[in-house]
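One structure below.
The values are calculated or read from the model by the stated rules, or taken from the named source; none is laboratory data. Here the structure is a predicted model, which means the values were calculated and not measured. When we count neighbours, we look across all protein chains shown, and the Cβ atoms used for this are built from the backbone with ideal geometry, even at glycine.
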């Protein structure tokens, strides 16, 4: 959770890019099956996927970012419905 919180606070404007690149190496497992095997609820999973995806996007790792954005969108559609504003926002982020 500490790593995710750190990722969430890092933006291209206020962080050293090399720190962000190093940080990404520590969150690779979180984006795959690690969250599925924990007791994290859907909200925690989407927060993690969205946060890590944002860091990947900032690092020009678009394929990995897209994978996470798809997971966020699919979870939002399942939990909130297709017309919910948060679902629509996740669809926009994916686009």
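For the condition out of contact with any helix residue (DSSP H, G or I) (no Cβ under 7 Å at 6 or more places or on another chain) and at pLDDT 85 or above, residue 89 qualifies.
Of the numbered criteria (1) out of contact with any helix residue (DSSP H, G or I) (no Cβ under 9 Å at 6 or more places or on another chain); (2) at pLDDT 70 or above; (3) in a helix (DSSP H, G or I), the one residue 83 fails is (3). Could you grab the pairs with beta carbons closer than 8 Å, sequence gap of 6+ or different chains, first residue in the stretch 27-53 and at negative phi and modelled with pLDDT of 65 or more, second one crowded, with 17+ Cβ neighbours inside 10 Å and not in a helix (DSSP H, G or I)? Final answer for the pair search is 52/27.
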